[in-house]
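Have a look at the structure below, then the notes.
The values are calculated or read from the model by the stated rules, or taken from the named source; none is laboratory data. Remember, it's a predicted structure, so these values are computed and weren't measured experimentally. A quick note on method: Cβ atoms are made from the backbone with ideal geometry, for glycine too, and the neighbour counts reach across all protein chains shown.
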Ligand SMILES: [Zn+2]
Ligand SMILES: [Zn+2]
């Protein structure tokens with residue numbers, strides 16, 4: 001993580017340095033393949049560890065944020081807020097997701113160096129001016 005990626009505490013807006021907390025939140029799902037592990041567990045006398053060792057698909061829980069970083073919400077919490085423990089995780093995560101979505105939206109537009117109009121990115125990643133059709137990578 002770079003210094004430039006830091007920001008004030010997501011809960012109180014206060015200073016975070018030098019020691020603070022990163023809270024990573026992701027939704028997770030138990031996949032249908034979990035039934036295989038459960039089935040094997042019954043064959044192995046209730047031993048889930050052994051069943052998972054024998055299962056072709058032992059990873060029966062999918063953590064969305066592990067699959068796709070954009071599905072992981074990352075909160076920065078200062079030590080004071082963390083220790084006080086009065087954090088509304090859901091509200092903070094929603095606020096954070098809105099900020100990230102807005103930033104991603106903004107990054108999709110740049111201005112044309114030729115005429116100053118808005119440029120749009122085409123399917124091969126080239127930026128094309130909507131006004132004068134100037135291009136750049
Ligand atoms: Zn704080
Ligand atoms: Zn232009």
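Can you say whether residue 32 is without any contact (Cβ under 8 Å) to a residue 60 or more places away in the chain, part of a loop (DSSP other than H, G, I, E, B) and surrounded by 11 or more Cβ atoms within 10 Å (Cβ to Cβ), as far as the supplied structure shows?
Working: without any contact (Cβ under 8 Å) to a residue 60 or more places away in the chain: yes; part of a loop (DSSP other than H, G, I, E, B): yes; surrounded by 11 or more Cβ atoms within 10 Å (Cβ to Cβ): no.
So residue 32 does not fit the description; no.
Checking the conditions here, which among 65, 85, 80 is surrounded by fewer than 13 Cβ atoms within 10 Å (Cβ to Cβ) and either in contact (Cβ under 8 Å) with a residue 24 or more places away in the chain or under 26 Å from residue 3 (Cα atoms) (or both)?
Details: 65 fails: surrounded by fewer than 13 Cβ atoms within 10 Å (Cβ to Cβ); 80 fails: surrounded by fewer than 13 Cβ atoms within 10 Å (Cβ to Cβ).
Of 65, 85, 80, the one residue that is surrounded by fewer than 13 Cβ atoms within 10 Å (Cβ to Cβ) and either in contact (Cβ under 8 Å) with a residue 24 or more places away in the chain or under 26 Å from residue 3 (Cα atoms) (or both) is 85.
Looking at the structure I just gave you, is residue 111 surrounded by fewer than 13 Cβ atoms within 10 Å (Cβ to Cβ) and modelled with pLDDT under 90?
Working: surrounded by fewer than 13 Cβ atoms within 10 Å (Cβ to Cβ): yes; modelled with pLDDT under 90: yes.
Yes; evaluated as a whole, the condition is true for this residue.
Looking at the stretch 9-29 only, could you name the residues that are without any contact (Cβ under 8 Å) to a residue 40 or more places away in the chain and part of a loop (DSSP other than H, G, I, E, B)?
Filtering the stretch 9-29 for residues without any contact (Cβ under 8 Å) to a residue 40 or more places away in the chain gives 13, 17-18, 28-29.
Matches in the stretch 9-29: 13, 17, 18.
Every residue in the stretch 6-29 that is loosely packed, with under 14 Cβ neighbours inside 10 Å and either more than 16 Å from ligand 1 (Cβ to nearest atom) or on the phi > 0 side of the Ramachandran plot (or both), please.
Let us first name the residues in the stretch 6-29 that are loosely packed, with under 14 Cβ neighbours inside 10 Å, namely 6-8, 13-15, 17-19, 22, 24, 27-29.
Selection gives 13, 24, 27, 28, 29.
What number goes with the only condition from (1) surrounded by fewer than 12 Cβ atoms within 10 Å (Cβ to Cβ); (2) within 16 Å of ligand 2 (Cβ to nearest atom) that residue 119 does not pass?
(1)
Right, residue 106: in a helix (DSSP H, G or I), at pLDDT below 95, farther than 30 Å from residue 17 by Cα and away from ligand 1 (no atom under 16 Å from the Cβ) or not? Walk me through how you get there before you give the answer.
On the way: in a helix (DSSP H, G or I): yes; at pLDDT below 95: yes; farther than 30 Å from residue 17 by Cα: no; away from ligand 1 (no atom under 16 Å from the Cβ): yes.
Considered against the rule, which asks whether it is in a helix (DSSP H, G or I), at pLDDT below 95, farther than 30 Å from residue 17 by Cα and away from ligand 1 (no atom under 16 Å from the Cβ), residue 106 comes out as no.
Per-residue answers, yes or no, for (1) within 16 Å of ligand 2 (Cβ to nearest atom); (2) in contact with a helix residue (DSSP H, G or I) (Cβ under 7 Å, 6 or more places away or on another chain); (3) closer than 30 Å to residue 12 by Cβ:
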position: 57; (1), (2), (3): no, yes, no
position: 61; (1), (2), (3): no, no, no
position: 72; (1), (2), (3): no, yes, yes
position: 92; (1), (2), (3): no, no, yes
position: 95; (1), (2), (3): no, no, yes
position: 108; (1), (2), (3): no, no, no
